[in-house]
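Since the structure comes first, as C-alpha cells, the remarks are kept for the end.
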Amino acid sequence: MLARGAGPRESPAGEGYTVRTLIFIVVGLLIAGFAMWLARPAKRRAAAVLFSLGWLLAVLWNLRTGMSHGYSLQEELPIQLLIFAIPVGAGAWLAMKAPRR
C-alpha cells in the first residue's frame, strides 16, 4: 500500500521535476556552446540550425516521456518550451555574435 501522499509521479512543481528541468537546460546550453565552439565562424549559423533541430528532437522525446509518466500536455508544454527556448536562444545569440566571413 502506498504511503499517504505518495503516487506514481511527482507534482510538476516538485523538487525532482525542477532539478530534471534545470539539468536539461544546462545540458542544452553546454551542447549549444560546444557546437558553436567547434564550428568555424562562417558556419556557426548552420551549426545553430542543426543544433536547434537536434534539440527539438530531444525536447519532443522528453515531452513524450513526461506524458507517458502521467503528465498532461497542459502540464508539460510550458516546461518543454523553456527547455527548448533557452538553449536555442543562446545558440542563436552565439551564432549571431560570430563574425561573417
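Since every read-out is calculated from the coordinates, none of them should be taken as a lab result. Computed from a predicted model, the values in this text were never measured in an experiment. Because the Cβ atoms are built from the backbone with ideal geometry, glycine has one as well, and the counts that use them run over all protein chains shown.
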Q | Difference of contour (0.36 nm per residue) and Cα-Cα distance, LEU81 to ILE31 | A | 16.3 nm
Q) Got a sec to turn the phi values of the stretch 73-78 into Karplus ³J(HN,Hα) couplings, 6.51 cos²θ - 1.76 cosθ + 1.60 with θ = phi - 60°, whole Hz, x for Gly and Pro? A) 4, 5, 6, 7, 4, x
Q. To the nearest 20 debye, what is the magnitude of the charge dipole of the stretch 17-97 about its Cα centre, counting +1 on the Cβ of each Lys and Arg and -1 on the Cβ of each Asp and Glu?
A. 480
Q.
Based only on other Cβ atoms within 10 Å, what is the fewest-to-most ordering of MET96, MET36, MET67?
A. MET96, MET67, MET36
Q. Can you sort LYS97, LYS43 by how many other beta carbons sit within 10 Å, fewest first?
A. LYS97, LYS43
Q) Taking R0 as 22 Å, what's the FRET efficiency between LYS43 and LYS97 from their Cβ-Cβ distance, rounded to 0.05? A) 0.95
Q: Would you mind calculating the gained length between MET67 and THR18 on full extension (0.36 nm times residue separation, minus the Cα-Cα distance), in nm to one decimal?
A: 16.0 nm
